[in-house]
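Laboratory data are not the source of any read-out in this text; all were calculated from the coordinates shown. Keep in mind that what you see is a predicted model, and the values were worked out from it rather than measured. All Cβ positions, even for glycine, are placed from backbone atoms using ideal geometry, and neighbour counts span all protein chains on display.
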Amino acid sequence: MPKLRSYIPTDLAKVLQFLGQCFLDRDFSDYHLGDILHAMSSRYRGTDLNKYFWLFEKQDRLVAFAEFSKAESASYTLITDPGYSESGWDAALHNQCQAIMRERMKDNPPDKRVLTTNINASDQKTLDCLESLGYEIKPANYIQTLRELSIPVPASVLPEGFHIRSVAGEHEAPLVAEVHNASFGSSWTPEDYLKVMRTPGFSINHELVVVAPDGRFAAFLLYWLDPVSKSGLFEPVGCHKDFQRRGLTKALVYEGMRRMLKAGMEKAVVLHEIDNPASTNLYASAGFKENFKTVDCEVYVGNN
C-alpha cells in the first residue's frame, strides 16, 4: 500500500502537477488545484501546512493527496490518482484518513465527533466504498459549474467612476481585508491577509478588485490557473455589502475569464452552494453550466 508522509514546501510543484492531471483525467469533476492553494493560503494562512496536507506515495510516485482539517472542522479531503489502483486501496486510504482525524478529534466533545468528507455525487465507486465503511450519505450541497472560454466573453460594464484592476501589492492588504470582511462578515486583519499573500502558490496579481470612486474596494475575486488541465477556478468571489446589486461581480467574472483566456486556459470553473440563489443566478447569467454536484459523507468516530 502507498506510504503516507506530511507535506513539505518543496512538494508544491509535484502536488500541483498531480492535482492538475487528476482534474483533467476525471473530466474536470474533481478538486481543482486552486481549491488546495486557496485552502493553503486562506484557511491555514500558509503556516504549519505539514499538519494539514499529506502525500500518499508508492515508490516515489504520488498516488493520492489529502487535506486534514483542524479538529473543530472535523473533515478531510482525499484526491486519488484515477490511473492507479490496487486491491482494497480506496478503503485503506479512507481508513488511514479516518484514523488521523480520529486522533485529531479525540478532545472534541462527543457531539462534535462526526467526521465529514465531500465527494462528487456521481462517483458511485467511492460512495459505495464509504457506505461500506459506515459513512452516511447526505444530500447534495454544492454544485460545480463550468464554462468554455471559447464562447465569447462579454464586456465588463461598470457604473460610472468604478474600475477593475489587480491588487497592486502587499501594501493594499488593509483594503483587501476590508472588502473580504464586508462581503462575508468575516474578521480578516491586514496582518492575517499578509500571510495569505506570502503563501507559496498565491499570486497577488490574480486577485482582481473593483475600485469605487472613493477608493474603497467594492468587489473582489481570486482566480487560480491550472496549466495541466488548462482550466481556471474562481474562488472566492465577493461584493462589499455597500455596493451590491450593481453588476460588479459579473463584471469581475468577465474580466477574470478574459485573463484566464489570455493565460492559455480553455475552461473556467466555479463551485458554489446549491441553495444560494445569488451565486446560482450570477454564474448562470455568465454562461456557466452544471458539471457535477457534491454530497457530504459522514461517520461518527465515537469515543476516543
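Quick notes on this one:
- For the chain, a simple Cβ point-charge model (Lys and Arg +1, Asp and Glu -1, everything else neutral) yields a dipole of about 400 debye relative to the Cα centre.
- The three principal axes of the Cα atoms in the stretch 81-172 give end-to-end lengths of 57, 36, 27 Å, sorted in falling order.
- Modelled FRET efficiency - R0 25 Å, Ser73 with Asp214, Cβ distances, 0.05 increments: 0.10
- Within the same chain, lysines fewer than 8 places from Lys112 are excluded, and of the rest, those with a Cα less than 30 Å from its Cα are Lys3, Lys51, Lys70, Lys125, Lys138, Lys195, Lys293.
- Full-extension gain in nm, Lys138 to Lys14, via 0.36 nm per residue minus C-alpha separation: 41.3 nm
- Difference of contour (0.36 nm per residue) and Cα-Cα distance, His163 to Ala91: 20.8 nm
- Descending by average beta-carbon neighbour count within 10 Å, the peptides 19-31, 79-91 line up as 19-31, 79-91, the highest first.
- Each Lys and Arg Cβ is given +1 and each Asp and Glu Cβ -1; about its Cα centre, the stretch 148-293 then shows a dipole of about 360 debye.
- 20 °C / 1.002 mPa s Stokes-Einstein diffusion coefficient of the stretch 148-293, Kirkwood radius on C-alpha pairs, µm²/s: 137 µm²/s
- Distance histogram in 5 Å bins (all Cα pairs of the stretch 1-146, percent per bin): 2, 8, 19, 22, 23, 17, 7, 2, 0
- Pairwise centroid distance, computed over Cα atoms, of the stretch 56-80 with the stretch 167-244, Å: 27 Å
- DSSP bridge analysis restricted to the stretch 148-293 gives an antiparallel fraction near 80%, rounded to the nearest 5.
- Computed FRET value (nearest 0.05) for Arg43 with Ala278, which takes r as the C-beta separation and R₀ as 22 Å: 0.45
- Approximate spin-label separation Lys230-Asp27, in nm, with each point projected 7 Å along Cα-to-Cβ: 1.8 nm
- Förster radius 22 Å - calculated FRET efficiency between Lys112 and Glu290 (Cβ-Cβ, nearest 0.05): 0.10
- With only Cα atoms counted, the chain has Rg and Dmax values of 19.7, 62 Å.
- Spin-label model distance (nm) - Ser122 vs Glu57, 7 Å beyond Cα toward Cβ: 3.4 nm
- Nearest-20 debye value, the stretch 39-172 charge dipole, Cβ charges on Lys, Arg, Asp, Glu: 260 debye
- Ordering Met257, Pro200, Val237 by the projection of their Cα atoms onto the charge dipole of the stretch 148-293, which places +1 on the Cβ of Lys and Arg and -1 on the Cβ of Asp and Glu, puts Met257 at the extreme positive end.
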